Amino acid sequence: MKIGDWEWLDPANVPGALDWIAFVLGGAGIAFTIWQLLRSKGALKAARDALVLAQGQLNRNQLLLVLPTVDEIERALEAALQKNSAKATEEALSRFGRYAAETTALLTPMAEHTRVRDDLADVAQLASYTRSRMFVDSGETPPPTSRDIAGEAARAIADHGQELRRIAISIQNDLGRTSA
């Protein structure tokens, strides 16, 4: 068919069998590519979900390793207070500060323990304040004992230790249920 100088249908340019096969294979290739992309999107989501689950489990396991430290700190603090040793009391309070920082970081992703995490931060702040008072001369006669200065912090640490032990038991029970 000719319109002016343009030839619209040229019988020599009609697609042959190989052209049709190439067209079908190209369409199949595009469809396969789209299918693979959709599958990889699902695999990426599954991998991301597995990573989040693994991070949570590692976090809980690390917390289980750290939580018993509070018992050691409580014992060291009580021994220091009984000996009226300002240096040993200060060391125990300093150790509690490091422990509290690590435990707070491990509790942060666990929304169910937000209150305990916030309380731990308050106890750590009290321990830090108490440490700063350990070697200050108050001018009192007789000078205050270590228990006078650090007794409130020691009680707060012991009270908070109970909460942390409860969390450890809860995590251990949850791990027992998920691993079975």
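Under the rule a/c < 1.5 gives rounded, and otherwise a/b versus b/c splits prolate from oblate, where does the range 67-179 land using the Cα gyration tensor?
Details: a/c = 3.17, a/b = 2.31, b/c = 1.37.
Prolate.
Report relative contact order for the chain in percent, whole number only (criteria: Cα-Cα under 8 Å, sequence separation at least 6). Write down the numbers at each step before the final one.
Working: 111 pairs, mean separation 39.0, N = 180.
With pairs under 8 Å counted, the relative contact order is 22 percent.
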Exposure proxy check on PHE135, PHE96: fewest-to-most Cβ neighbours within 10 Å is PHE135, PHE96
Aspartates and glutamates within cross-link reach of LYS83: Cα-Cα under 13 Å, excluding same-chain residues under 8 positions apart? ASP148
Looking at the chain, do any whole DSSP H helices span at least 27 angstrom along their long axis by alpha carbon and average -1.0 or above on Kyte-Doolittle, and which? 17-66, 86-107, 114-133, 146-179
Would you mind calculating the relative contact order of the range 28-126 from Cα pairs under 8 angstrom and at least 6 residues apart, reporting the percent as a whole number? 22 percent
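Read the figures in this text as sums done on the coordinates, not as results from a lab. None of the values given here were measured: they were computed from a predicted structure. Note: ideal-geometry Cβ built from the backbone for every residue, glycine included; neighbour counts use all protein chains shown.
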